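*Asks:* My questions will all concern the structure given below.
The values are calculated or read from the model by the stated rules, or taken from the named source; none is laboratory data. On a predicted model such as this, the values are computed, not experimentally measured, just so you know. No Cβ is skipped: glycine too gets one built from the backbone with ideal geometry, and neighbour counts run over all protein chains shown.
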Amino acid sequence: MKILGISAYYHDSAACIIEDGEIVAAAQEERFTRKKHDSSFPSNAITFCLSEAKATPKEINFVVFYEKPFLKFERLLETYLAFAPKGFRSFATSMQLWLRDKLYQKVVISNELTKVMGGGWSDKLLFSEHHLSHAASAFFPSPFDRAAVLTMDGVGEWTTTSLAIGSGHELSVYKEIHFPHSIGLLYSAMTYYTGFKVNSGEYKVMGLAPYGEPKYSSLIKEHLIDIKEDGSFALNMSYFNYCTGLTMTNEKFNDLFGGPPRKQESILTQREMDLAASIQEVVEEVVLKLAKGIAKTTGEKNLCLAGGVALNCVANGKLHRAGIFDRIWIQPAAGDAGGALGAALAIHHIMLGQPRKVTKGRDSMKGSYLGPEFSQKEIEERLTNCGAVFETVSSEAVIDETARALANGKAVGWMNGRMEFGPRALGARSIIADPRSPTMQKLLNLKVKYRESFRPFAPSVLREDVSEWFDLNDDSPYMLLVAKIALTKRRQVTADYSTLFGIDKLNVPRSEIPAVTHVDFTARLQTVHEDTNPQYYALIKKFKEITGCPVIVNTSFNVRGEPIICSPEDAFRCFMGTELDVLVVGNCLLEKSTQSDSLKENYKGLYEVD
């Protein structure tokens, strides 16, 4: 039984394929088209999935779309009727799109499938519900026989937050919060107000929060959101514009916080930092109260998370430390891309009633390494066609030379094995560096990533060493938990540290690994396991042998506004367009100093800023 799952037409379109319940392949369309958050039909991702599964189109039993377009249209129409006559401009804009394309989405999807795989899909095309797809993506790959499942995002068809219970191959939704009341849209509203892009800048707000004080938390809770003890909530819609307008917030919102939204790319002030800290604190309160309410009413000991809000690793870390549940598992592709996976799994287990194979303590995501991989022969041919100068060495030499380059302070582009599925680079398509350097964070942000200097970097740490370096003794393979740096690894800061203006704190080393230590002494960490990525594990182990440190800097292999690299060509272009020192692709080693100057690109302005 082969099932193809797809998500598309909002943001982060993707495809996945499962065979008899096993996840074979999954990838986002953006990685192939090089358009960040690409929402178009995932033709390239589908082609890859079929190739990886060695499946012909005729062997696909079902294709399932991750949400139900008619329900979404119903929500849109009812919302405009409820707020009429307000919002006519927004209504007119949306209706043109819906009446032209989205209302007939089954036909549109069937036609697109025909272009990629030939015809005959109308009887094999199924539709899942948006939050059921999220819930399925969280529970079915999890290592739990039973679990409560919490999904939180902006909005699906109607649902913005849901509670489901999973047991064996069954999954049932028990409670929902509906649009327009959405913790995801509240966070996006503040993302918009602080001058970042909605649906891409929310993680910047999370990263900015530690620089501020939650001075506006009470104001948010008094005027914007009513939070009950069980975590259920309602928004005061008089402050928001997303139901009827073309912006997230309105003048009343502006008046509440003392001025208009910050203009994108303008200078960040303490006000934006305090706003970020405030909305982060409020969201954490909602998440913790929801979790406590779920634990109390269900009695479940395990919790699974999905939906865009589940990518808030700071909230996840606090939820983990709270000990409300014995175990927590978070879908690494928690956003809409993961909906493609969840939709396919929902058909297999719920509709077809097929049993799950659960390995205690192990999920079935294969480390989330589900994307394309290139053979050594392909890598060499592709790099040669790019005009690259490289040396091919043994696997052992790759590890040794890369580890020594890191220890010598070089920034390395690292492409190894299958590409990750989801928004995090996990050591397959990563930029890596020495975390002990006090200047590495600023160097990578400004000269390699071309992004805002306040943005933190993540540490990859050997699983067996995690508790020595961080206040965590658990798995975090998908970089979805934030933990404190261990007290023994912190450095004393001067008395005037707290008086420094937000981003100035970056210049003060706060631990033995300052390049991955955020200003609040936390880090968004990835535990590296030998069985899921042996090459990356071997690299960090060799770095530890050389330096005594089992941690390296890990950030996604791309620049600001660019999707994470997919192919050797992508890797080489990014290498030549940035100030990376070394590139490693498979067993090929490249030094920047040996490359032709004629191949250098002006990468800084190549992509639209996110």
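*Asks:* I'd like to check something: does the stretch 399-416 contain any residue that is more than 30 Å from GLY548 (Cα to Cα), in a loop (DSSP other than H, G, I, E, B) and not assigned by TED's automatic domain parsing to the domain that holds GLU29?
*Replies:* no
*Asks:* On the basis of being surrounded by 22 or more Cβ atoms within 10 Å (Cβ to Cβ) and under 24 Å from the mean Cα position of the chain (by Cα), does GLN264 make the cut?
*Replies:* Spelling it out, it is not the case that GLN264 is surrounded by 22 or more Cβ atoms within 10 Å (Cβ to Cβ) and under 24 Å from the mean Cα position of the chain (by Cα).
*Asks:* I would also like to ask the following. Does the stretch 208-234 hold any residues that are surrounded by fewer than 19 Cβ atoms within 10 Å (Cβ to Cβ) and over 30 Å from PHE501 (Cα atoms), and which are they?
*Replies:* Listed by number, the residues that qualify are ASP226, ILE227, LYS228, GLU229, ASP230, SER232, ALA234.
*Asks:* Then there's this: Could you please find all residues in the stretch 121-178 being buried (at least 22 other Cβ atoms within 10 Å of the Cβ), over 18 Å from GLY353 (Cα atoms) and of a type in the set (S, T, N, Q)?
*Replies:* Residues satisfying the conditions are THR151, THR159, THR160, THR161, SER162.
Condition check ((1) outside any helix (DSSP H, G or I); (2) touching a Pro at 6+ places or on another chain (Cβ under 8 Å)) across all residues:
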position	(1), (2)
GLU452	yes, no
PRO459	yes, yes
VAL466	no, no
TYR478	yes, yes
PHE543	no, yes
CYS549	yes, yes
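*Asks:* Kindly indicate which of ARG321, ARG356 is of a type in the set (Lys, Arg) and more than 22 Å from SER172 (Cα to Cα).
*Replies:* ARG321
*Asks:* Check ALA147, ALA164 and return the single one that is of a type outside the set (Asp, Glu), within 18 Å of PRO332 (Cβ to Cβ) and at pLDDT 95 or above.
*Replies:* None of the others qualify; the one that does is ALA147.
*Asks:* Can you tell me which residue among GLY371, GLY387, GLY323 is surrounded by fewer than 18 Cβ atoms within 10 Å (Cβ to Cβ), more than 28 Å from LYS289 (Cα to Cα) and not hydrophobic (A, V, I, L, M, F, W, C)?
*Replies:* GLY387
*Asks:* If you don't mind, another one. Looking at (1) in contact (Cβ under 8 Å) with a residue 60 or more places away in the chain; (2) in a strand (DSSP E or B), which is the one condition that is false for ALA234?
*Replies:* All conditions pass for ALA234, except number (1).
*Asks:* Say whether the condition of being modelled with pLDDT of 90 or more and more than 13 Å from SER430 (Cα to Cα) is met by at least one residue in the stretch 493-501.
*Replies:* There is no residue in the stretch 493-501 that is modelled with pLDDT of 90 or more and more than 13 Å from SER430 (Cα to Cα).
*Asks:* Say we look at the stretch 294-328 and pick out the residues that are in contact with a His (Cβ under 6 Å, 6 or more places away or on another chain) and in contact (Cβ under 8 Å) with a residue 60 or more places away in the chain; which of these is nearest to ASP471 (Cα to Cα)?
*Replies:* ALA306
*Asks:* Considering the stretch 490-521 alone, what residues qualify as being of a type in the set (Lys, Arg) and surrounded by 18 or more Cβ atoms within 10 Å (Cβ to Cβ)?
*Replies:* Listed by number, the residues that qualify are LYS505, ARG510.
*Asks:* Shifting gears a bit: Which ranges mark the helices (runs of 4 or more DSSP H) fully within the stretch 246-345 that have 2 or more residues being closer than 20 Å to GLY361 by Cα?
*Replies:* So the answer is 313-322.
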